[in-house]
Amino acid sequence: MSAEHDGRPGPPPEPGRAEAFAARLFTNLLLSPLYRRYVDEMDLRGDELVLDYGCGSGAAARHLAKRLRPGGGHLTCMDVSERWQRTAKKALRAYPDVEFRRGDVRTLGLPAASFDVVLVHWMLHDIHPRDRPSVVAELARLLRPGGRLFSREPTAAKHGMPAARAREVYAAAGLCESLASEGRLPIIGEYYRAVWTRPVG
Ligand SMILES: C[S@@+](CC[C@H](N)C(=O)[O-])C[C@H]1O[C@@H](n2cnc3c(N)ncnc32)[C@H](O)[C@@H]1O
């Protein structure tokens, strides 16, 4: 078993009601400025088709939806967990145009090049190492050529994945890294972030 992932292959366990409630308070309220800054830094025009993969409680999605509404863009929130999906729906009540899809992206059969932007925020490390290459390959297929995948992952040994592992998986899916950095955030800890582009042609 990898030290960076202590679960088994397959979907993670459903969170309990108390966990979902606490996460909503923590991520959607306390950490809201941090998520807002991250979404601001994505520098979206506002007319993009965006997938938030592993959207959890909707902490990033709330800011994405706000950003996309005036420009006519469209947000799809996807998560394998029923509880997280319900929590995200509550958090995004004010945005009826947001689409919710529940499941593992590999099984949903979406058309290729469906999205301009994919966000994978604090979730790749939660996927078993065995499943990561096929999940990321599918996300790369869903990006239009020239489209961008935004990634941020914790890198602490206790809970996270090494930046080199994340890089390996995205590069193996044919994506090209830019704007990569590593840093440390209060409360959250060490992280790796990057923008990955699907090459044109
Ligand atoms: C740590 S949470 C991060 C949530 C959110 N992206 C954020 O930054 O707050 C990880 C999320 O990924 C979801 N998840 C884990 N494995 C998944 C998979 N194979 N497909 C879709 N979602 C998955 C979990 O249900 C959970 O909501």
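The values are calculated or read from the model by the stated rules, or taken from the named source; none is laboratory data. These numbers come from a predicted model, not from an experiment. Neighbour counts are summed over all protein chains in view; Cβ atoms, including those assigned to glycine, are modelled from backbone coordinates with ideal geometry. These accessible areas exclude ligands, DNA and RNA; they are computed on the full protein's heavy atoms, side chains included. Shrake-Rupley method; radii C 1.70, N 1.55, O 1.52, S 1.80 Å.
Side notes on the structure shown:
- With a Förster radius of 25 Å applied to the beta-carbon distance between ALA157 and ALA22, the computed FRET efficiency rounds to 0.55.
- The chain shape via C-alpha gyration tensor axes, a/c threshold 1.5: rounded
- Solvent-accessible heavy-atom area per residue, rounded to whole Å², over region 17-197 at 1.4 Å: 47
- In the chain, Cα pairs under 8 Å separated by at least six residues give a relative contact order of 20 percent.
- What the Cβ-Cβ distance of GLU99 and LEU185 gives, at R0 = 45 Å and to the nearest 0.05, is a FRET efficiency of 0.95.
- Springs between Cα atoms under 10 Å define the GNM used for the chain, and in it the highest mean-square fluctuation of LEU108, LEU175, LEU64 occurs at LEU108.
- GNM top mover of ASP97, ASP116, ASP52 - the chain, alpha-carbon springs below 10 Å: ASP97
- Applying a 4.7 Å cutoff between beta carbons, the unpaired cysteines of the chain are CYS176.
- Calculated [222 nm] ellipticity per residue, helices only, for the chain: -8500 deg cm²/dmol; basis is -39500 (n - 2.57) per DSSP H run with n ≥ 4, divided by all residues, nearest 500.
- Formal net charge of residues neighbouring VAL98 (Cβ-Cβ distance under 10 Å; K, R +1; D, E -1): +1
- 3J(HN,Hα) along region 130-143, derived from phi through the Karplus expression 6.51 cos²θ - 1.76 cosθ + 1.60 where θ = phi - 60°, amounts to 5, 8, 4, x, 6, 5, 5, 4, 5, 4, 5, 5, 6, 7 Hz, with x in place of Gly and Pro.
- Were the residues from ALA171 through ARG45 laid out at 0.36 nm apart, the gain over their Cα-Cα distance would be 42.8 nm.
- Among VAL135, VAL50, VAL118, residue whose mean-square fluctuation peaks in a GNM of the chain (springs only between Cα atoms under 10 Å): VAL135
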